[in-house]
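The values are calculated or read from the model by the stated rules, or taken from the named source; none is laboratory data. Predicted model only: the values in this text are computed from it and were never measured. Positions of Cβ are generated from backbone atoms using ideal geometry, with glycine treated the same way; all protein chains shown enter the neighbour counts.
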Amino acid sequence: MKPVGQQKKAEKSAEASTDFECACFTCPSQETCKAAHEAEKAAPAEEKIDFSNVEIEPLFKDFVDFETFSKSDFRAVKVLACEAVPKSKKLLKFTLDDGTGEPRTILSGIHAFYEPEQLIGKTCVAIVNLPPRPMMGMESCGMLLSALHKENCEERLNLLQLDPHIPAGAEEDQQRPQHHAFYDDFDDHARSPHFISARR
């Protein structure tokens, strides 16, 4: 004979299992459907991002012809290593996989917004055909793209990050200017009309 406590617990469990009735006729069993519904309820709610206090730079009035734009080589790059540059408060040194098999170094002035360890392993966007630029005794070979805006009069910056499934070296699709699939996977926090910034 079960103790009174265990018996009541078993009765409550039985009641709970009979309370759920599935309205889905395709489910293999009530228990399977119940588990799916409970998992759905337990899933975290989608984050609501408040852009009401965001200020953006005015849009450029001058147009850029497509031929000029297409001379810039935008590539997906993977962050292999990232470290603070000694004697610099702003610069981070990125070691990047650009798909060529040779590591690429880019220095970017975003240390006020990110710590180096936050960015290792991320997939970002870089312009890779700019001439090397000497910075702090090193050569910076390209620019990383960021989204820049002001919020409550404070400057905010988001390094543009892509879906990790995009391989290093993937190029922007400049053959179809009406639909640049390369940019469809930006972080949602940078989807609003922020100013796109290329920082070295």
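Considering only residues that are acidic (Asp, Glu) and loosely packed, with under 10 Cβ neighbours inside 10 Å, look in the range 42-59 and name the one that is modelled with the highest pLDDT.
Let us first name the residues in the range 42-59 that are acidic (Asp, Glu), namely 46-47, 50, 55, 57.
Cutting the leftovers down to loosely packed, with under 10 Cβ neighbours inside 10 Å gives us 46-47, 50.
Numbers: Glu46: 76, Glu47: 80, Asp50: 84.
Ranking the qualifying residues of the range 42-59, first place goes to Asp50.
Within the option set Leu130, Leu144, being part of a strand (DSSP E or B), within 27 Å of Phe66 (Cβ to Cβ) and either within 19 Å of the chain's Cα centre (by Cα) or modelled with pLDDT of 95 or more (or both) holds for one residue only, Leu144. Comparison of Gly121, Gly137, Gly142 shows that the only residue that is more than 22 Å from Ser52 (Cβ to Cβ), out of contact with any Cys (no Cβ under 7 Å at 6 or more places or on another chain) and without any contact (Cβ under 8 Å) to a residue 12 or more places away in the chain is Gly137.
Looking only at the range 83-102, which residues are among the hydrophobic types (A, V, I, L, M, F, W, C) and in contact with a His (Cβ under 9 Å, 6 or more places away or on another chain)?
Ala84, Val85, Leu91, Leu92
Contact annotation: residue pairs with Cβ atoms under 7 Å, 6 or more positions apart or on different chains, pairing a residue in the range 70-93 that is more than 19 Å from Thr123 (Cα to Cα) with a partner that is surrounded by 15 or more Cβ atoms within 10 Å (Cβ to Cβ) and charged (D, E, K, R), are Val85/Lys93.
Against the definition (touching a Gly at 6+ places or on another chain (Cβ under 8 Å) and surrounded by fewer than 20 Cβ atoms within 10 Å (Cβ to Cβ)), how does Leu119 come out, yes or no? If you could, list the steps in order and put the result at the bottom.
Working: touching a Gly at 6+ places or on another chain (Cβ under 8 Å): no; surrounded by fewer than 20 Cβ atoms within 10 Å (Cβ to Cβ): yes.
Considered against the rule, which asks whether it is touching a Gly at 6+ places or on another chain (Cβ under 8 Å) and surrounded by fewer than 20 Cβ atoms within 10 Å (Cβ to Cβ), Leu119 comes out as no.
Each residue in the range 42-64 was checked for being under 19 Å from the mean Cα position of the chain (by Cα) and basic (Lys, Arg), and 1 of them qualify. Residue-level check: of (1) loosely packed, with under 10 Cβ neighbours inside 10 Å; (2) charged (D, E, K, R); (3) at pLDDT below 70, Glu67 misses just (3).
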